[in-house]
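Report on the following structure.
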Amino acid sequence: MSQAKDKDAYSALIQALRVFPNVGVKTAQRMAHTLLQHNREGAAELLAALDNALQQVGNCRHCNTFCEGEECTICADEQRDKTRLMIVHMPADIAAMEAAHCHDGLYFVLMGSVSPTQNMDLSHVALEKLIARLADSPVQEIIIATSFTAEGDATAYILTELLKEQPYKISRLARGMPLGSELEYVDAGTLAQAVYERQLLQEKKDAPC
Ligand SMILES: [Zn+2]
């Protein structure tokens, strides 16, 4: 097999595919091979879908999630509790929460996370948009629903610092045992966190006389 020359269409495709995070030359070459050799129809669909999405999809002016038009369906829903705002990393997190039917308030999507390994780089989180969202809003409670990763913890810390002078009730999702799990199969970190964040079932009572 001959190597592609610089600047030809094949090389340009490989270069373009590297737009994705964690995609290096080898992975980009494999992707290009799949698209050009095995699935040209899929490649054309991808091209059309990408072009359409670039034309149609923007960010909701309230919650910052992806949507078509100015406002997403959740922000437009009058039935949602406007006093409670859940902050998540990505639009997919909203889908997960909605599937769980456990939050009837609104959301704000940071569209990224704080990186503790890069000097707490804040450039990938929409903090200014969040501040603007909260100004003159009826929000009373903020639920920080960031991931339980180093990035999620750093993001939760930054949010807590950012909001600590504000009057909101602020909470973060609890860490704990997965539903349906048995103790012996749960990893030590999750188990320890479940012990630290255990819930009180009954206060201590005086011993009966
Ligand atoms: Zn919205």
*R0 = 25 Å: FRET efficiency of ALA16 with SER147, Cβ-based, nearest 0.05?*
0.30
*Enumerate the calculated ³J(HN,Hα) couplings along the range 48-55 in order (Karplus 6.51 cos²θ - 1.76 cosθ + 1.60, θ = phi - 60°), each rounded to whole Hz, writing x wherever the residue is Gly or Pro.*
5, 5, 5, 4, 5, 5, 5, 7
*the chain - charge dipole about Cα centre, Lys and Arg +1 at Cβ, Asp and Glu -1, debye rounded to 20*: 480 debye
*Excluding residues fewer than 8 places away in the same chain, name every one of the lysines whose C-alpha is closer than 29 Å to that of LYS82.*
LYS129, LYS164, LYS169
*Partner aspartates and glutamates for LYS26 [C-alpha distance under 19 Å; skip if fewer than 8 residues away on the same chain]*: ASP6, ASP8
*Determine the shape class of the range 9-58: with a ≥ b ≥ c the square roots of the Cα gyration tensor eigenvalues, call it rounded for a/c under 1.5, and otherwise prolate if a/b is greater than b/c, oblate otherwise.*
oblate
*Work out, step by step, the length gained on full extension between LEU162 and LEU183: first 0.36 nm times the residue separation, then minus their alpha carbon distance; give nm to one decimal.*
3.9 nm
*Shape of the range 61-107 from its Cα gyration tensor (a ≥ b ≥ c, root eigenvalues): rounded if a/c is under 1.5, otherwise prolate when a/b > b/c, or oblate?*
oblate
*Collect residues whose amide H, placed 1.01 Å from N in the peptide plane, falls under 5 Å from the amide H of ASP121; neighbours closer than 5 in sequence don't count.*
SER115
*In the chain, carbon and sulfur make up what percent of the accessible area (probe 1.4 Å)?*
54 percent
_Dipole in debye (nearest 20) - the range 1-104, about Cα centre, beta carbon charges: Lys, Arg +1; Asp, Glu -1_ = 700 debye
*So how much slack lies between LEU191 and ILE131, counting 0.36 nm per residue of separation and subtracting their Cα-Cα distance, in nm?*
18.1 nm
_Over the chain: helical MRE at 222 nm, DSSP H runs n ≥ 4 each giving -39500 (n - 2.57), nearest 500_ = -11000 deg cm²/dmol
*Any chance you could list P(r) for the chain, counting all Cα-Cα pairs in 10 angstrom bins from zero, rounded to whole %?*
7, 23, 26, 23, 14, 5, 1, 1, 0, 0
*Could you state the accessible area per residue of the chain in Å², with a 1.4 Å probe and every protein chain left in place?*
71 Å²
*What residues have an amide H closer than 5 Å to that of CYS72, excluding those fewer than 5 places away on the same chain, when H is modeled at 1.01 Å from N in the peptide plane?*
ARG61, HIS62, CYS63
*Determine ³J(HN,Hα), in whole Hz, for all residues of the range 172-185 in sequence, where each value follows from phi through the Karplus function 6.51 cos²θ - 1.76 cosθ + 1.60 and θ = phi - 60°; x replaces Gly and Pro.*
10, 3, 7, 8, x, 6, x, 4, x, 8, 9, 3, 5, 9
*Just need the relative contact order of the chain here, percent rounded to a whole number, with Cα pairs under 8 Å and 6+ apart.*
12 percent
_Contact order normalised by length for the range 1-102, with contacts defined as Cα pairs under 8 Å and 6 or more residues apart; what percent is it?_
11 percent
*So what J values fall out for the range 139-151 if you push phi through Karplus, 6.51 cos²θ - 1.76 cosθ + 1.60 with θ = phi - 60°, rounded to Hz, Gly and Pro as x?*
4, 10, 10, 10, 10, 7, 10, 7, 5, 9, 10, 4, 5
_Sequence gap at least 6, Cα distance under 8 Å: using those rules, report the relative contact order of the range 66-172 to the nearest whole percent._
27 percent
*Mind listing which chymotrypsin sites (Phe, Trp or Tyr not before Pro) in the range 106-151 are in a DSSP loop and have 16 or fewer other Cβ atoms within 10 Å?*
PHE148
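The values are calculated or read from the model by the stated rules, or taken from the named source; none is laboratory data. Nothing here was measured: the structure is a model prediction, and the numbers come from that model. Heads up, the Cβs are rebuilt from the backbone with ideal geometry, glycines too, and the neighbour counts pull from every protein chain shown. What goes into the accessible areas is simple: the full protein's heavy atoms, side chains included, and nothing from ligands, DNA or RNA. Shrake-Rupley method; radii C 1.70, N 1.55, O 1.52, S 1.80 Å.
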